[in-house]
Amino acid sequence: MTAADSAPRTARILTGYRPEDAFIAAELDPPPAEYVWHDEHAEQQEQRYGPGTRYQQWLAIDPHDGAVWFGDTNWRAAGDNLTGQLPGLPRRALGDGTIPAPATMVQLLSHLTHDQQQGCTWRFFTAEELHTLAQRILPAVQRLVDSIHRIGPDGELEWSAEAATAWDDIEHTATHTLDPSGALHWPRLRTTPTPAWRVEVGAFLAANPELCDPSWAVAADAELDAYADYHPATGYGGVPGRTCRTAERHIEDGFTFYGHRAALYAYRAQASGARTPTDARTWLETTETGKSTWEAARPPGATLADVPDCVLTDLNDRFQNTAREHGIVLTGLNTYLRHLRAEERAGVDRQLLFEGEEVERLEHLLKDFRAGRNRTVTRILAWSDGRSDAEIARLASLPDEHVSEWRARLNDDQTTTPPGP
């Protein structure tokens, strides 16, 4: 069991944000009323709103374990510094896919109401009122925590259709109204059924099994993540968009898909059965069983650089069979083997580049030495000091006949360029 599995997942208000804790963690600092105003007749945009209208209160929710707390921003700070003052990201900034760590989600609270008689009215909330709101949304938070997708051993979070709907209910409940007397009212929490336009990718694949790619069954986490992270210029992205593009199928407009990574991980888990998906590189390089399996399967007298695809396929099967005996299925194995072969072949390419450069360097060097030798032979022949052609040929490491021909040409006053060796 992982830490993500054992962590408590009960929607609750954090200690320090409750009346029994005297709200010791909730240090709210709303602006004085004289800093909160709206002048619709001001000529400059920056003069139409008082600096206190920048003040923002928020609810924070940790979807990992259901913790809820609240707080506010510094109304004295510049308005463009809002994100840096929040403990997480607003829902709209997260999209509908994977939720980045640390995954805290923020619901910004609206303070402005407007009516014909009173005009614009700002209503800031006390710690007691924010606690009441936090209590009211706890069932929706619990629904979110229970339905959100948790992926991999670390329990990475990804939106589900139901979790997104639960968040809509939180947003609805967090939108206040004021009655004619100015009394505050929070809407009653609703439990909205997941609408039909919100579709789980897992359900989509179950309804269209012909779109599933069998390679998902042994794909590594990174490969599944990359497949889910499909972003076309137009049309649907993610798993439905990519599978339908490959199959030349069209999806009607109007749907939002959830759980792309979760669906691929679920497909792999189902295909693995009782076996545990295990990264091939990790198993082959770090476990004793994997290392011994690799040594036993190493192609005799050859490196991976020299083996064809059929040998890689055979190695893939042998490794998977051995892994099956140990209750695991190797993921990313084919990619790993091809990567190893590509690395070894790249090494051979580098060797060839070095050898080619060395040959070129030596050929230039040889050309210079040959020219020097030719000049020296010509010089000695010109001496006519009685030495035989054989003696000179031995000194120059040339065949005797080459020197003889060279002497004959010199004697005939022809070219001084000797024949090649």
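The values are calculated or read from the model by the stated rules, or taken from the named source; none is laboratory data. Just so it is clear, the model here is predicted, and its values are computed rather than measured. When we count neighbours, we look across all protein chains shown, and the Cβ atoms used for this are built from the backbone with ideal geometry, even at glycine. The accessibility values were calculated without ligands, DNA or RNA, using every heavy atom of the protein model including side chains. Shrake-Rupley method; radii C 1.70, N 1.55, O 1.52, S 1.80 Å.
Taking GluC sites (Glu not before Pro) as candidate sites, keep only those in a DSSP loop with at most 14 other Cβ atoms within 10 Å, then name the longest stretch of the chain containing none of them. The longest such stretch corresponds to 44-247.
Among R373, R345, R245, the residue with the largest mean-square fluctuation in a Gaussian network model of the chain, with springs joining Cα atoms closer than 10 Å, is R373. Shape summary of region 54-170, radius of gyration then Dmax from alpha carbon positions: 15.6, 57 Å.
Mean-square fluctuations from a GNM of the chain, with a 10 angstrom spring cutoff on Cα atoms, peak among R375, R350, R136 at R375.
What does the helix-only formula give at 222 nm for the chain: each DSSP H stretch with n ≥ 4 adding -39500 (n - 2.57), the total divided by the residues, and the result rounded to the nearest 500 deg cm²/dmol? Mind dumping the intermediate values first?
On the way: 14 runs with 184 residues, N = 421.
Computed mean residue ellipticity for the chain: -14000 deg cm²/dmol.
Return one whole number: the accessible area per residue of the chain in Å², for a 1.4 Å probe.
Details: 23850 Å² over 421 residues.
I get 57 Å² per residue for this part.
Computed from the Cα positions only, the extents of the chain along the three principal axes stand at 132, 66, 46 Å, in decreasing order. Using a 1.4 Å probe on the protein heavy atoms, what percent of the accessible area of region 332-381 belongs to carbon and sulfur? C and S fraction of accessible area: 59 percent.
For region 87-239, what % of the accessible area comes from carbon and sulfur atoms, probe 1.4 Å?
Working: 4060 of 7440 Å².
Ligands and nucleic acids excluded, carbon and sulfur give 55 percent.
Here r is the Cβ-Cβ distance between S110 and L89 and R0 is 22 Å; the resulting FRET efficiency, rounded to 0.05, is 0.80. Which of these, R379, R275, R188, has the largest mean-square fluctuation under a Gaussian network model of the chain (Cα springs below 10 Å)? Largest GNM mean-square fluctuation: R379.
Distance between the 7 Å Cα→Cβ label points at R387 and D400: 1.6 nm.
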